[in-house]
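This report refers to the structure that appears directly beneath it.
The values are calculated or read from the model by the stated rules, or taken from the named source; none is laboratory data. Please read these numbers as outputs of a predicted model, since none were measured by experiment. We place every Cβ from the backbone using ideal geometry, glycine too, and count neighbours over all the protein chains shown.
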Amino acid sequence: MLSRPRSELARYLRTETVGGALLLVAAAVALLWVNSPWGQSYLDLTETHLAIPPLHLDLTLADWVKDGLLAVFFFVAGLELKRELVIGELADPKRAALPIIAAAGGVVTPAIIAYAVGFGVDGMDRGWAIPVATDIAFALAVLAMTGSRIPASARVFLLSLAVVDDLMAIVLIAVLFTTGLAFTWLAAALVCCAGWWFAQRKRWTSPLIYIPLALICWYALHEAHIHPTLAGVACGLLTRVRRDDGEAEAPAARWEHRFQPVSAGLCVPLFALFAAGVPINSAMFGDLFTDRLSLAIILGLLLGKTVGIFGISWLAIRTGIAERPAHLDYRDMFALSVLGAIGFTVSLLVAELALQDYPDSAELAKAAVLVTSMAASLAGSALLLRRGRVHRARRDADALEPEQ
């Protein structure tokens, strides 16, 4: 009796519009809660400690969500990236060239702008990485809701771009936020990764193998002082994506099918709930548009992402290095570039990591990410709706042409 409702719920959670809507609702609840008369209860909840003494783990609820549940999100992202690299758009060098080049422009340009604007500000030695990531779930949700009349190649381009973009952000997280590396624990994590790869090679399927490997890998990276969510990425990238004869589906497809609803329906919304609760007052609102840290993030995301993605894509196409996606023109690509300025999940994570020694700056940075992501989603939606009308008019004209 319960299997059908559960399967229906999972099906809805796999749709980008639902996942994006849950993320937005969670962020809105956090903002309203922390700025309400009950705001202290929100702060008390996020700072509640849950300890596991035998493992020497003593983390707040917010840290458990950020370091633990978000690993599931990165696991799904790793599975998507592996699929794209092996059998998807990124497997063909000609088709992969444009999203890879665009992602590089969308990482480097925001970083340069953010560093230049915020140079000398406390925390900007690593804070320049805050505006480099595009939120896959949020951006695809906006595209699904407002870009239904845009050619299907738009989703392929945006997904490939965001996946490569997030991979670059993950590398930055690994490089920038690893301090006092414990090599023994790092070796233990590598052994777990090797075990995962070996189990995949042997076609073993039991969860009793993979769940302990994933948990031990997470713990080992945590003890090695590497952000433990990278365990999710590593396991995702080591998962087999090609189906063997006799298999209904490959492990990557099967696990993505199972874990994507958990990521979209639980992990990412909970992260948004715990990360987006920024107390906003008149002073902070004023600082959003005057403080150099905030301006660095706003300009890095909104200007850097748009210019970086669209500018380098235009240059790559014009010089013949890459090919323009089928049925898309430059105005379509500009609208998609604006969606690339939606930072949210990974940007909020980087803000917490980069500015953990500056709590007030971290709150301001998160507010800047939230405001800019909303502005980019609204601007991108307006552009997509306009482009959708253009494409519909073209299709209508093509349909009438044989009758003339």
* Could you please find all residues in region 101-128 being surrounded by fewer than 22 Cβ atoms within 10 Å (Cβ to Cβ) and either among the charged types (D, E, K, R) or over 18 Å from ALA296 (Cβ atoms) (or both)? => ILE101, ALA104, ASP122, ASP125, ARG126
* Given the residues VAL171, VAL191, which is the only one that is modelled with pLDDT of 95 or more, more than 19 Å from ALA139 (Cβ to Cβ) and not small (Gly, Ala, Ser)? -> VAL191
* Return the total of residues in region 112-129 being assigned to a loop (DSSP other than H, G, I, E, B) and of a type in the set (Lys, Arg). => 0
* Any idea which residue in region 85-100 is surrounded by the fewest Cβ atoms within 10 Å (Cβ to Cβ), counting only those that are under 27 Å from PHE177 (Cα atoms) and out of contact with any Asp or Glu (no Cβ under 8 Å at 6 or more places or on another chain)? -> LEU85
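Suppose we keep only residues that are assigned to a helix (DSSP H, G or I) and among the aliphatic types (A, V, I, L, M) within region 52-74. Which one would you say is farthest from the chain's Cα centre (by Cα)? Give the steps one after another, and end with the answer.
First pass over region 52-74, keeping only residues assigned to a helix (DSSP H, G or I): 53-55, 61-74.
The next check asks that each one be among the aliphatic types (A, V, I, L, M); those that pass are 55, 61-62, 65, 69-72.
Numbers: LEU55: 29, LEU61: 21, ALA62: 18, VAL65: 15, LEU69: 14, LEU70: 10, ALA71: 12, VAL72: 12 Å.
Among residues in region 52-74 that are assigned to a helix (DSSP H, G or I) and among the aliphatic types (A, V, I, L, M), the one farthest from the chain's Cα centre (by Cα) is LEU55.
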* Structure fact -> In region 383-401, residues that are free of Cβ contacts under 8 Å to residues at least 24 places away in the same chain, of a type in the set (Gly, Ala, Ser) and surrounded by 11 or more Cβ atoms within 10 Å (Cβ to Cβ) total 1
* Structure fact -> Only unsatisfied item for GLY311, checking (1) surrounded by fewer than 18 Cβ atoms within 10 Å (Cβ to Cβ); (2) among the small types (Gly, Ala, Ser); (3) under 25 Å from the mean Cα position of the chain (by Cα); (4) not in a helix (DSSP H, G or I), is (4)
* Is it the case that some residue within region 238-251 is touching a Phe, Trp or Tyr at 6+ places or on another chain (Cβ under 8 Å) and not in a helix (DSSP H, G or I)? -> yes
* **Any pair with Cβ under 7 angstrom, 6 or more apart, that starts in region 202-221 at a residue that is at pLDDT below 95 and buried (at least 16 other Cβ atoms within 10 Å of the Cβ) and ends at one that is in a helix (DSSP H, G or I) and among the hydrophobic types (A, V, I, L, M, F, W, C)** => LEU221/ALA189; LEU221/LEU230; LEU221/ALA231
* To do: Could you give me the residue pairs with C-beta distances under 6 Å whose first residue belongs to region 280-308 and is buried (at least 19 other Cβ atoms within 10 Å of the Cβ) and of a type outside the set (S, T, N, Q), whose second residue is assigned to a loop (DSSP other than H, G, I, E, B) and at pLDDT below 95 wherever it lies, and which are 6+ apart or on separate chains?
  => LEU293/GLY118; LEU293/VAL121; ALA296/GLY118; LEU301/ALA341; LEU301/GLY343; LEU302/ALA341; LYS305/GLY340; LYS305/ALA341
* To do: With the condition kept exactly as written, say whether any residue in region 54-77 is closer than 30 Å to TRP314 by Cβ and either among the small types (Gly, Ala, Ser) or in contact with a strand residue (DSSP E or B) (Cβ under 6 Å, 6 or more places away or on another chain) (or both).
  => yes
* Structure fact -> Going through region 363-382 in order, the residues found to be free of Cβ contacts under 8 Å to residues at least 60 places away in the same chain and closer than 30 Å to ASP63 by Cα are MET374
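Is it the case that ALA351 is closer than 20 Å to PRO99 by Cβ, of a type outside the set (D, E, K, R) and touching a residue at least 12 places away in the same chain (Cβ under 8 Å)?
Values: closer than 20 Å to PRO99 by Cβ: no; of a type outside the set (D, E, K, R): yes; touching a residue at least 12 places away in the same chain (Cβ under 8 Å): yes.
So ALA351 fails the test.
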* Within the set of pairs 6 or more residues apart or between chains, which connect a residue that is under 20 Å from ILE342 (Cα atoms) and in contact (Cβ under 8 Å) with a residue 12 or more places away in the chain inside region 94-106 to a residue that is acidic (Asp, Glu) and in a helix (DSSP H, G or I) with Cβ atoms less than 9 Å apart? -> PRO99/GLU84; PRO99/GLU89; PRO99/ASP165; ALA102/ASP165; ALA103/ASP165; ALA103/ASP166; ALA104/ASP165; GLY106/ASP165
* Structure fact -> Selection from region 170-193 of residues closer than 29 Å to GLU249 by Cβ and in contact with a Leu (Cβ under 9 Å, 6 or more places away or on another chain) yields ILE170, ALA189, CYS192, CYS193
* To do: Return the total of residues in region 174-188 being within 25 Å of the chain's Cα centre (by Cα), exposed (fewer than 12 other Cβ atoms within 10 Å of the Cβ) and either modelled with pLDDT of 95 or more or not in a loop (DSSP other than H, G, I, E, B) (or both).
  => 1
* To do: Give the residue that is nearest to VAL117 (Cα to Cα), with candidates limited to residues of region 250-279 that are under 16 Å from the mean Cα position of the chain (by Cα) and surrounded by fewer than 18 Cβ atoms within 10 Å (Cβ to Cβ).
  => LEU266
